[in-house]
Every structure is written in C-alpha cells, then in structure tokens.
Amino acid sequence: MEKKMLSIGKVKIKAIIFGWLINLIGPILVNFIIGLICGIAFGRSPQMGIIQNTSTLIVGLVFGIVGGYVAGRTAKESELLHGGIVGALNIVMDFLSYSLVPGWLYFINLLVAIPAGMAGGYIAMKKH
C-alpha cells in the first residue's frame, strides 16, 4: 500500500517543504564556507565584497535549481509546478531579508528564482 502525501490539489506539501529547505539551508552553509575561506585569503580587501556578492548569486541560483529538483522529484508529478513554487518561496524569503543584500542582487534574484526552480522541476520531470 502506497502512502499518500499531504496535498492541496496537485501541490504536494512535503515536496514543497523539502525543496524549500534545500533552497534555504544550502546557500547559507555554502556561502558561510566560501566567506570563511575568502576571509582568510583576502582579509578586508575590496575584492571581498565582489566575491561575496558573486558567490551569493551563483550559489543561490544553483540551490534554486536543486531545490526545484528535490521538490519535483519528491512530488513525482507536476514537477514544474513544484519547482516554480519553491522559486516563489525564495522570492518571499528575499522580501524578508531585503536590507541584507545589495539591490541589484535582489533584483536579479527576482528575475531568476522562479525559472531556476522550474528548471530543477524540469530536470526532475526528465529523470522519470
């Protein structure tokens, strides 16, 4: 007997939570490690801010895709929808932390968060 996942229509709540947690926790851990390494290597040099912002953008994009993939793979249906929802939750989290990042980084994330999540969902869909 197969367990049913809690859902609202076609949206599987457990899948969204898993994807969102990956998308939330992954970048925090990776950017912390990158910041630690770069802090030791560069100290308080002007390059540090550029490196930090660039890594935040790239790592966030990668984990947006991974989070969308995890959501789509966990849901096993409507993978694009689940990936897109994870991307939308990323935007909601950005609204809550808006003052912590430069405006240009925030704007780019607004443009790429949902497509990145959907790209992950698309990869999950193709893996079936």
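None of the figures in this text is laboratory data; all of them are computed from the coordinates on show. Since this is a predicted model, take the numbers as computed values, not measurements. Methodologically, a virtual Cβ is constructed for each residue, glycine included, from the backbone with ideal geometry; neighbour enumeration extends over all protein chains shown.
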Checklist entry - Out of Leu111, Leu96, Leu29, any idea which swings most in a Gaussian network model of the chain, alpha carbons joined below 10 Å? => result Leu96
Item to check | Burial order of peptide ranges 79-91, 116-128, 51-63 (average beta-carbon count within 10 Å, highest first) | outcome: 79-91, 116-128, 51-63
Item to check | Theoretical ellipticity at 222 nm over the chain - DSSP helices of four or more residues, -39500 (n - 2.57) apiece, nearest 500 | outcome: -28500 deg cm²/dmol
